[in-house]
Amino acid sequence: MRILFFGRGVISTQYAWAFEQAGHTVEFYVRKGRKETFGSHIELEMWDARRGKQLIKESWNVKLHEELSPNYDLIIVSVNTEQLPEAAQLLSTAAGNTPVLIFNNVWQDLKSSISPLSMNNVVFGFPGGGGGIADNRLRGGFLKMIFLEKPRVGTEHNNQLVKECFESAHFKINWVKDMQNWLWNHFAMNAAMETEVLKLGSFPALMNHRTSFANVGLNMREMIPVLKARGAKLDAISLLLTKIPPTLLGILFNKVIFAKGSLPRLFVEYNNSKAGFAVLEVVREAKKLGIPLPRLTMAFENTEHYKAIENSIS
C-alpha cells in the first residue's frame, strides 16, 4: 500500500516507520521550505511496544514532498489541532478520492472540523503514542493499540482499508462506537493536563510535580458542565478524573498510570510541544455558553501569551 502522511510530526513519523517495516511505501507531505529544513533523514530513538518493549535507535531515510497528489492508497493526517482546518481545505482540492484517516485530536463537531472534505471519504482515529522532536531527533514511542471509529454508513470500504493497514503492521484496533463523544472527552482531558503544564512550564515538569494529577482531576471537574452542554456523555476516563478524590487520583497517576519507567510517562517526558491550545478552545466554548472556568482561565494569567489569548476569546 502507498501511504502519504500529512506532515512529518512525531505521530506521523513513528507510524510511517512502522508501516514501512511492514512493507508499505510511505512518504510525507510537508509545507514549502520544510523539505530542505528537515533533510532526507531523521534520527529515531523510540520505544516500539507492539511485541514487548523494544528500543529503536536508527537514522531513518524519509521521502518528503512539498506538493500534494492523489496517487496514494491512503492519506493519514496527524497535525496540531489548530492546523486541521487548513489541512482539510488543502486535501479537499488535492487528494481526489483518496481515503483520509484523521488521526487527530478534535474538539469541533466532526463534520465541520474536516469541511470541505466529505465525511464519506474520511475515517477518524486516534494514536497510542507520543513524544517530541528536537534537532531532527525523535524521542518517544507507541503502544500496540490504536483507536478507530466503527464504520459509518458509507465508510465501510475505507474503514476496512485502514483496518487492514494497521493490522498488517501488527497494531491492535480498539473500536470506538461514538468517536465524536470519545474525542470530546479526550480533548477535555488534554485541556485538564495542559492547564497544569501552563502553570508548571513544560510537560516533563507535570510528571515531577506531586500534586499535578490531583489538579488535573479538579480541572476536569470544572469542565463537566461544558461537556454536558455539548451533549457529551462522560466516558470511563472522565469519570475516573471526576469521581476519585484528588489526592487518591494523584497517587493513581503517579504510581500506576505514569509510573517511573513506564512508556506513557516517557511519552509525556519527551513531549516538547507548546501547551495551551486545548485550554484555549475549551475556554472559548465555555465563554459562548456562559459557563465560568476559573481554574483554566487563571492558568493563562501566568503566561506571557495571556493578553493575546484574552483578545482571541473576546
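The values are calculated or read from the model by the stated rules, or taken from the named source; none is laboratory data. Computed from a predicted structure; not experimentally measured. Cβ placement follows ideal geometry from the backbone for every residue including glycine, while neighbour counts extend to all protein chains displayed. Side chains are part of the model used for accessible areas, which takes the heavy atoms of the whole protein and leaves out ligands, DNA and RNA. Shrake-Rupley method; radii C 1.70, N 1.55, O 1.52, S 1.80 Å.
Of the residues making up region 271-295, those that are under 15 Å from residue 228 (Cα atoms) and in a loop (DSSP other than H, G, I, E, B) number 4. Return a yes/no flag: does region 225-237 have any residue that is surrounded by 15 or more Cβ atoms within 10 Å (Cβ to Cβ), free of Cβ contacts under 8 Å to residues at least 40 places away in the same chain and farther than 20 Å from residue 267 by Cβ. Within region 225-237 (the criterion being surrounded by 15 or more Cβ atoms within 10 Å (Cβ to Cβ), free of Cβ contacts under 8 Å to residues at least 40 places away in the same chain and farther than 20 Å from residue 267 by Cβ), the answer is no, since none of the residues qualifies.
Let's see how each residue does on (1) farther than 22 Å from residue 258 by Cα; (2) modelled with pLDDT of 95 or more:
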{"site": "147", "(1), (2)": "no, yes"}
{"site": "159", "(1), (2)": "yes, yes"}
{"site": "173", "(1), (2)": "yes, yes"}
{"site": "181", "(1), (2)": "yes, yes"}
{"site": "187", "(1), (2)": "no, yes"}
{"site": "191", "(1), (2)": "no, yes"}
{"site": "202", "(1), (2)": "no, no"}
{"site": "207", "(1), (2)": "no, no"}
{"site": "223", "(1), (2)": "yes, yes"}
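Looking across region 134-150, the residues that are more than 15 Å from the chain's Cα centre (by Cα) and either surrounded by fewer than 23 Cβ atoms within 10 Å (Cβ to Cβ) or free of Cβ contacts under 8 Å to residues at least 24 places away in the same chain (or both) come down to 134, 135, 136, 137, 139, 144, 150.
Among the candidates 299, 308, the residue that is of a type in the set (Gly, Ala, Ser), open to solvent by 50 Å² or more (accessible area, probe 1.4 Å) and at pLDDT below 90 is uniquely 308. For residue 169, are the conditions met, namely being open to solvent by less than 50 Å² (accessible area, probe 1.4 Å), touching a residue at least 40 places away in the same chain (Cβ under 8 Å) and not assigned by the TED database to the domain that holds residue 25? Here the answer is no, as residue 169 does not meet what is asked.
Selection over region 98-129 of residues that are part of a strand (DSSP E or B) and open to solvent by 10 Å² or more (accessible area, probe 1.4 Å) gives a count of 2. Evaluate the following for residue 244: is it touching a residue at least 24 places away in the same chain (Cβ under 8 Å), within 30 Å of residue 54 (Cβ to Cβ) and out of contact with any strand residue (DSSP E or B) (no Cβ under 7 Å at 6 or more places or on another chain)? No.
Taking region 166-180, which residues are assigned to a loop (DSSP other than H, G, I, E, B) and of a type in the set (D, E, K, R)?
Once the filter is applied, which keeps residues that are assigned to a loop (DSSP other than H, G, I, E, B) and of a type in the set (D, E, K, R), region 166-180 yields 177, 178.
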